[in-house]
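Readers should treat all values here as calculations from the given coordinates under stated rules, not as data from a laboratory. Just so we're clear, the structure is a prediction, and the values are computed from it rather than from any experiment. So basically every Cβ, Gly included, is an ideal-geometry build from the backbone, and we count neighbours across all protein chains shown.
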Amino acid sequence: MSVCGVSAAIATAAACKAKKEELTLAVGLSMVFTSIMMIVMPAVIKGVFPVDKQLILGGAWMGGTIDATGAVAAAGAFLGEKALYVAATIKMIQNVLIGVIAFFVAIYFTTKVEVAETGYRVGAREIWFRFPKFVLGFLAASIIFSVCYSYFNAQVSGMGSAMIDQGVVKGMADLFRGWFFCLAFVSIGLATNFRALREHFVGGKPLILYVCGQSFNLVLTLLVSYIMFYWVFPNVTAAI
């Protein structure tokens with residue numbers, strides 16, 4: 001959950017062959033706190049942040065801390081379109097790390113943990129089997145649209161923006177995005193079973209781990225976002 005929420009938990013669980021109840025716990029924690037943070041964080045930003053820093057700094061903060069991509073976009077939309085794009089961009093960059101983390105987790109568990117437990121060493125085929133393939137689709141789609149955008153702009157100035165950002169691609173994407181957001185958050189509610197999660201919180205260690213880790217993440221992400229957007233790259237911030 002330091003990278004993403006449900007997607008990263010599923011990918012990493014497959015990489016290390018976690019038990020079903022362990023994955024359920026991680027997903028449940030992510031869903032519960034994501035539902036809270038997507039409402040609370042925009043309110044905190046509106047109430048505490050200076051007006052001139054709410055959209056960019058607030059969007060970056062939410063993009064780096066809220067677990068689910070859909071929740072990040074929804075929280076950003078509460079603040080405004082600019083905050084939505086900043087938050088979604090930060091989150092998509094994080095999402096690329098899902099494959100990287102899952103790959104190294106798979107290597108570690110197949111070469112260290114499982115070898116120590118079973119004495120059997122698996123090969124590269126098993127690592128490939130555990131690798132989350134949806135990450136490749138994400139990268140492929142990003143590359144294709146980036147190439148198309150650059151190609152059309154090279155042919156006629158502004159053509160790429162007109163076709164992709166303002167044309168049929170954006171029009172179709174906005175329509176589907178709205179419906180998928182609705183379905184995603186209804187699904188979060190349907191999949192969150194507090195009664196089933198209760199037995200996993202005996203002793204409170206998973207909850208303490210999540211709260212401490214997420215609190216550290218909130219502070220560190222806010223600090224780094226401010227440094228990057230207002231100290232290191234102020235010219236980029238001014239152009240957004």
Residues Y230 and E22, FRET efficiency given R0 of 30 Å [Cβ-Cβ distance, rounded to 0.05]:
0.15
To the nearest 500 deg cm²/dmol, what mean residue ellipticity at 222 nm is calculated for the chain from DSSP H runs of n ≥ 4 alone, each contributing -39,500 (n - 2.57), summed and divided by the residues?
-24500 deg cm²/dmol
Of the trypsin sites (Lys or Arg not before Pro) in the range 116-151, those whose Cβ has at most 14 other Cβ within 10 Å and which sit in DSSP loop
R121, K133
Run the count for the chain, please: Lys pairs, Cα-Cα under 19 angstrom, 8 or more apart or on different chains.
11
Which of the peptides 13-21, 26-34, 45-53 is most tightly packed, and how do the rest follow, judged by the mean count of other Cβ atoms within 10 Å per residue?
26-34, 13-21, 45-53
Neighbour-count order for M62, M37, fewest beta carbons within 10 angstrom listed first:
M37, M62
Mean separation of Cα contacts under 8 Å (6+ apart) over length of the chain, as relative contact order %:
23 percent
